[in-house]
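The values are calculated or read from the model by the stated rules, or taken from the named source; none is laboratory data. Because the structure is predicted, anything quoted here is derived from the model rather than measured. Neighbour counts run over all protein chains shown; Cβ positions are idealised from the backbone, glycine included.
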Ligand code: SF4
């Protein structure tokens, strides 16, 4: 039985969008990936990884992505594990505060509405 697919395919040389991390320091400078995962008590290692992130052209994008993914380990966007946790905690508290304010405003609106 013959296949409906051609035996040979055209080369896949279509242009692809460039990934935002293509120019990242951790991808381009041939530094061992473990550099970004020092044990938290290795202060020199943490400082070195942060110094590399500081000169990375995609630092803020990396930080935002790491926070959105909920990265728990390593240095991302120049923040260490405790700093990432602190930012997530701030975001969570801000979201809870906003939800409480919205609920309070809705309850106040209901109280003003005429009964009936
Ligand atoms: S900021 Fe992010 S992408 Fe840039 S070197 Fe640091 S970990 Fe890598």
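Farther than 17 Å from residue 21 by Cα, more than 15 Å from the chain's Cα centre (by Cα), away from the ligand (no atom under 14 Å from the Cβ) and surrounded by 10 or more Cβ atoms within 10 Å (Cβ to Cβ): is that true of residue 95 in this structure? Even if it seems obvious, please write down each step before you answer.
Numbers: farther than 17 Å from residue 21 by Cα: yes; more than 15 Å from the chain's Cα centre (by Cα): yes; away from the ligand (no atom under 14 Å from the Cβ): yes; surrounded by 10 or more Cβ atoms within 10 Å (Cβ to Cβ): yes.
Answer is yes for this residue.
Tell me which residues, restricted to region 17-32, are within 15 Å of the chain's Cα centre (by Cα) and not in a helix (DSSP H, G or I).
19, 24
Consider residue 100 carefully, then state whether it is more than 15 Å from the ligand (Cβ to nearest atom), under 23 Å from the mean Cα position of the chain (by Cα), at pLDDT 95 or above and surrounded by 10 or more Cβ atoms within 10 Å (Cβ to Cβ). Before you say what the answer is, go through the steps one by one.
Numbers: more than 15 Å from the ligand (Cβ to nearest atom): yes; under 23 Å from the mean Cα position of the chain (by Cα): no; at pLDDT 95 or above: yes; surrounded by 10 or more Cβ atoms within 10 Å (Cβ to Cβ): yes.
The answer is no for residue 100.
Which one of these does residue 40 not meet: (1) over 15 Å from the mean Cα position of the chain (by Cα); (2) assigned to a helix (DSSP H, G or I)?
(2)
With the condition kept exactly as written, say whether any residue in region 44-53 is more than 9 Å from the ligand (Cβ to nearest atom), within 16 Å of residue 85 (Cβ to Cβ) and surrounded by 12 or more Cβ atoms within 10 Å (Cβ to Cβ). Talk me through it step by step, then tell me what you get.
Residues of region 44-53 more than 9 Å from the ligand (Cβ to nearest atom): 44-48, 51.
Filter once more, keeping what is within 16 Å of residue 85 (Cβ to Cβ): 46.
From what is left, the residues that are surrounded by 12 or more Cβ atoms within 10 Å (Cβ to Cβ) are 46.
Within region 44-53 (the criterion being more than 9 Å from the ligand (Cβ to nearest atom), within 16 Å of residue 85 (Cβ to Cβ) and surrounded by 12 or more Cβ atoms within 10 Å (Cβ to Cβ)), the answer is yes, since at least one residue qualifies.
Could you list, in sequence order, the residues of region 62-72 that are part of a loop (DSSP other than H, G, I, E, B) and away from the ligand (no atom under 12 Å from the Cβ)? Break it down into steps so the answer makes sense when it comes.
Within region 62-72, the first condition is being part of a loop (DSSP other than H, G, I, E, B), and the residues that meet it are 70-72.
Once the filter is applied, which keeps residues that are part of a loop (DSSP other than H, G, I, E, B) and away from the ligand (no atom under 12 Å from the Cβ), region 62-72 yields 70, 72.
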